[in-house]
């Protein structure tokens with residue numbers, strides 16, 4: 001059994017939801033499904049009948065273990081794990097995404113050691129939960145509870161295995177336990193937690209060193225601070241840089257630094273803790289979002305293929321690079337939290353992240369879940385926040401996806417549900433006061449029933465499906481009716497042209513036979529016996545024109561759009577060597593240019609010899625926050641390589657984070673190459 005991996009085939013959203021389809025999923029990629037089925041079928045056990053399994057790993061250690069502390073770190077295990085070392089029970093964990101660490105020092109010995117982990121996926125009888133780190137509630141775990149544990153958007157009951165990496169850390173008894181860098185544009189305050197797992201009090205010196213991740217001299221090295229840490233104690237201190245001048249992190253320039261915390265005694269280093277950080281700020285001011293003190297419009301796409309390929313580093317690099325080349329600067333971890341490897345790549349490549357919780361559709365119907373389940377969810381989310389809050393790419397937290405109870409619940413039930421969410425938002429603020437919060441992806445204060453005491457985060461978020469489930473942008477792209485004055489308004493799920501499959505580019509099968517949405521766009525040409533170009537070209541048009549219309553119309557009322565679903569803009573999205581963008585990717589690359597020229601074209605048919613009088617919008621979201629000087633608009637109407645007509649027009653300076661409109665008369669030629677000519681309008685700013 002490979003570690004890390006699930007022991008079952010990965011099923012996730014379009015790659016896993018059945019949608020009442022006999023094929024067992026929505027038909028977004030038969031090829032990916034077959035690869036996953038083949039992987040699971042190749043095991044020496046029947047995964048479909050496996051409710052629990054033992055993992056065993058031998059560790060060889062040197063003869064002298066004195067003065068060392070050993071910590072076993074699991075990034076996560078799905079869903080219940082019992083850990084044993086050399087026959088000694090060490091600890092137990094419940095949940096799918098929570099990192100947990102176990103001190104295994106007392107159980108290890110020189111020479112050969114046996115690590116055994118029992119992983120449980122499904123229960124037929126009750127078992128009593130033994131003491132678990134940080135979980136005070138005593139829980140009786142049942143099959144019903146197990147199957148209702150937060151599992152993001154992974155589908156099916158059988159989701160199991162040691163699926164992220166496992167590490168063994170070796171330190172001295174007194175060691176650095178946690179580091180949290182609260183960065184500013186001119187420095188950072190670093191909370192450092194020192195733990196003493198030994199049997200005697202220890203006096204240590206603590207200092208920090210910050211240097212560029214790509215090499216170079218330190219930009220700050222503090223003076224040592226002396227600290228007494230009693231036996232069994234955890235003590236937190238704050239180290240401050242004072243005023244320094246770091247290179248800032250942004251999607252355009254993802255500058256990174258190595259933060260090293262060094263513990264020493266009598267000039268001998270006892271522990272050294274490394275954290276990769278970036279200096280940046282991301283905040284709310286009025287109805288705008290600010291990156292590094294500048295207003296920042298979100299130009300993004302989601303979701304990404306992390307959930308179906310969580311440990312494929314080559315794919316993470318390839319996909320994120322393509323996303324950035326496609327002018328996406330931010331993504332949302334849709335219903336499946338990113339892991340360490342994917343976030344490291346986001347840090348390095350320059351992809352900002354809205355980090356979403358693990359329980360989509362929590363409380364959308366029915367009563368509030370049990371206190372035990374809610375405790376597991378909160379503890380898990382807390383763990384993720386503490387683990388990933390040093391990543392500069394993570395710019396905001398989103399509590400969950402589409403809980404929606406605030407639309408239709410009322411009375412006592414509404415208040416009890418709001419207490420769950422409000423308490424969690426307050427908890428997130430305690431753990432990380434440096435980032436804004438979306439209370440629920442899909443939440444708008446304008447439509448929510450909310451008690452006055454409830455904390456509903458900082459940002460509103462619309463989910464909309466123009467031309468897929470909702471009317472197209474031709475009807476209206478004005479978002480002002482959804483907004484709350486003085487509060488940022490974004491969309492983290494904006495669909496323009498539907499979901500192409502990853503194999504051929506045809507519409508994802510379930511939408512053909514269950515929703516009939518592709519047929520509404522291209523009729524019978526949507527079916528799989530037709531050329532997929534019909535759907536792909538219609539989809540690219542819908543996505544691009546929607547993205548441009550939203551940017552033209554909503555500068556003053558919205559703070560940005562994250563378009564959905566980027567995972568369907570690629571062929572072979574799961575394969576780093578064979579991934580290939582569909583036409584939608586290239587058109588969205590144009591629509592999300594930092595500096596965009598966009599003509600307001602609601603009619604696309606014209607006659608030779610006539611003049612089209614249209615408004616053109618120049619949009620300045622320059623990645624380096626620069627104003628545009630006076631420029632010239634050059635327009636051409638082309639048929640293939642032939643220029644049919646052209647013109648020029650001066651354009652006034654455009655300040656950063658502004659749109660300006662100009663009126664342009666496009667003169668069409670008196671004669672055309674053919675009675676009906678397919679022409680292209682090209683706009684260039686020079």
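Has the stretch 536-547 got at least one residue that is in contact (Cβ under 8 Å) with a residue 12 or more places away in the chain, in a helix (DSSP H, G or I) and farther than 30 Å from residue 660 by Cα? Explain how you work it out, then say what you get.
Kept after step one, since they are in contact (Cβ under 8 Å) with a residue 12 or more places away in the chain, are these residues of the stretch 536-547: 536-547.
With in a helix (DSSP H, G or I) added as a condition, the list becomes 536-547.
In the following step, the residues that additionally are farther than 30 Å from residue 660 by Cα were identified as 536.
Yes, the stretch 536-547 has at least one match.
What residue, among those in the stretch 360-387 that are buried (at least 21 other Cβ atoms within 10 Å of the Cβ) and touching a helix residue (DSSP H, G or I) at 6+ places or on another chain (Cβ under 9 Å), is farthest from residue 346 (Cα to Cα)?
Within the stretch 360-387, the subset buried (at least 21 other Cβ atoms within 10 Å of the Cβ) is 360, 362-363, 376-377, 380-381, 384.
Checking which are touching a helix residue (DSSP H, G or I) at 6+ places or on another chain (Cβ under 9 Å) leaves us with 362-363, 376-377, 381.
On the way: 362: 28, 363: 31, 376: 28, 377: 25, 381: 20 Å.
Restricting to residues being buried (at least 21 other Cβ atoms within 10 Å of the Cβ) and touching a helix residue (DSSP H, G or I) at 6+ places or on another chain (Cβ under 9 Å), the top hit is 363.
In this structure, does residue 614 turn out to be over 20 Å from the mean Cα position of the chain (by Cα), in a strand (DSSP E or B) and modelled with pLDDT of 95 or more? Taking the combined requirement at face value, the residue satisfies it.
Out of contact with any strand residue (DSSP E or B) (no Cβ under 6 Å at 6 or more places or on another chain), modelled with pLDDT of 95 or more and under 27 Å from residue 382 (Cβ atoms), is that true of residue 74? Here the answer is no, as residue 74 does not meet what is asked. For residue 467, the conditions (1) at pLDDT below 95; (2) on the phi > 0 side of the Ramachandran plot; (3) surrounded by fewer than 18 Cβ atoms within 10 Å (Cβ to Cβ) are fulfilled apart from (3). Any residue at all in the stretch 280-301 that is touching a residue at least 60 places away in the same chain (Cβ under 8 Å), surrounded by fewer than 20 Cβ atoms within 10 Å (Cβ to Cβ), over 15 Å from the mean Cα position of the chain (by Cα) and closer than 30 Å to residue 201 by Cβ? Within the stretch 280-301 (the criterion being touching a residue at least 60 places away in the same chain (Cβ under 8 Å), surrounded by fewer than 20 Cβ atoms within 10 Å (Cβ to Cβ), over 15 Å from the mean Cα position of the chain (by Cα) and closer than 30 Å to residue 201 by Cβ), the answer is no, since none of the residues qualifies. Would you check which residues across the stretch 391-419 are assigned to a loop (DSSP other than H, G, I, E, B) and touching a strand residue (DSSP E or B) at 6+ places or on another chain (Cβ under 6 Å) and list them? Scanning the stretch 391-419 gives 392, 393.
Out of the residues in the stretch 603-636 that are touching a helix residue (DSSP H, G or I) at 6+ places or on another chain (Cβ under 9 Å) and under 16 Å from residue 663 (Cα atoms), state the one that is surrounded by the most Cβ atoms within 10 Å (Cβ to Cβ). Walk me through it before giving the result.
Residues of the stretch 603-636 that are touching a helix residue (DSSP H, G or I) at 6+ places or on another chain (Cβ under 9 Å), as a first pass: 615, 617, 619, 621.
Next cut, under 16 Å from residue 663 (Cα atoms) only: 615, 617, 619.
On the way: 615: 13, 617: 19, 619: 22.
Taking the candidates together, the pick is 619.
Considering only residues that are closer than 22 Å to residue 172 by Cα and surrounded by 11 or more Cβ atoms within 10 Å (Cβ to Cβ), which ones fall in the stretch 50-74? Give the derivation first.
Of the residues in the stretch 50-74, the ones closer than 22 Å to residue 172 by Cα are 59-74.
The answer is 59, 61, 65, 68, 69, 70, 71, 72, 73, 74.
Please state which of the following conditions residue 656 fails to meet, knowing it meets all the rest: (1) touching a strand residue (DSSP E or B) at 6+ places or on another chain (Cβ under 9 Å); (2) farther than 26 Å from residue 251 by Cα; (3) in contact (Cβ under 8 Å) with a residue 24 or more places away in the chain; (4) part of a loop (DSSP other than H, G, I, E, B). Here residue 656 clears every test but (2).
Only one entry in 31, 12 is under 27 Å from the mean Cα position of the chain (by Cα) and modelled with pLDDT under 95, namely 12. Checking each residue in the stretch 470-494 for being farther than 29 Å from residue 285 by Cβ and either at pLDDT 95 or above or under 26 Å from the mean Cα position of the chain (by Cα) (or both) picks out only 470. Only one entry of 72, 65, 59 meets the criterion of being assigned to a loop (DSSP other than H, G, I, E, B) and in contact (Cβ under 8 Å) with a residue 40 or more places away in the chain, and that entry is 65.
Condition check: surrounded by 22 or more Cβ atoms within 10 Å (Cβ to Cβ), part of a strand (DSSP E or B), touching a residue at least 12 places away in the same chain (Cβ under 8 Å) and touching a strand residue (DSSP E or B) at 6+ places or on another chain (Cβ under 9 Å). Does residue 210 satisfy that? Quick ask: steps written out before the conclusion?
Working: surrounded by 22 or more Cβ atoms within 10 Å (Cβ to Cβ): yes; part of a strand (DSSP E or B): yes; touching a residue at least 12 places away in the same chain (Cβ under 8 Å): yes; touching a strand residue (DSSP E or B) at 6+ places or on another chain (Cβ under 9 Å): yes.
Answer is yes for this residue.
Which of the residues that make up the stretch 426-449 are under 14 Å from residue 460 (Cα atoms) and assigned to a helix (DSSP H, G or I)? Residues satisfying the conditions are 445, 446, 447.
Every test in (1) assigned to a helix (DSSP H, G or I); (2) closer than 20 Å to residue 13 by Cα is passed by residue 523 save one, and that test is (2). In this structure, does residue 307 turn out to be over 24 Å from residue 551 (Cβ atoms) and either in contact with a helix residue (DSSP H, G or I) (Cβ under 9 Å, 6 or more places away or on another chain) or in the same structural domain as residue 484 (by TED's automatic domain parsing) (or both)? Considered against the rule, which asks whether it is over 24 Å from residue 551 (Cβ atoms) and either in contact with a helix residue (DSSP H, G or I) (Cβ under 9 Å, 6 or more places away or on another chain) or in the same structural domain as residue 484 (by TED's automatic domain parsing) (or both), residue 307 comes out as yes. Across the stretch 347-354, a minimum of one residue is classified as in a strand (DSSP E or B), within 15 Å of residue 335 (Cβ to Cβ), touching a strand residue (DSSP E or B) at 6+ places or on another chain (Cβ under 7 Å) and in contact (Cβ under 8 Å) with a residue 12 or more places away in the chain.
The values are calculated or read from the model by the stated rules, or taken from the named source; none is laboratory data. Computed from a prediction, not measured in an experiment: that's the story for all the values here. For neighbour counting, all protein chains shown are included, and Cβ atoms are generated from backbone atoms with ideal geometry for every residue, glycine included.
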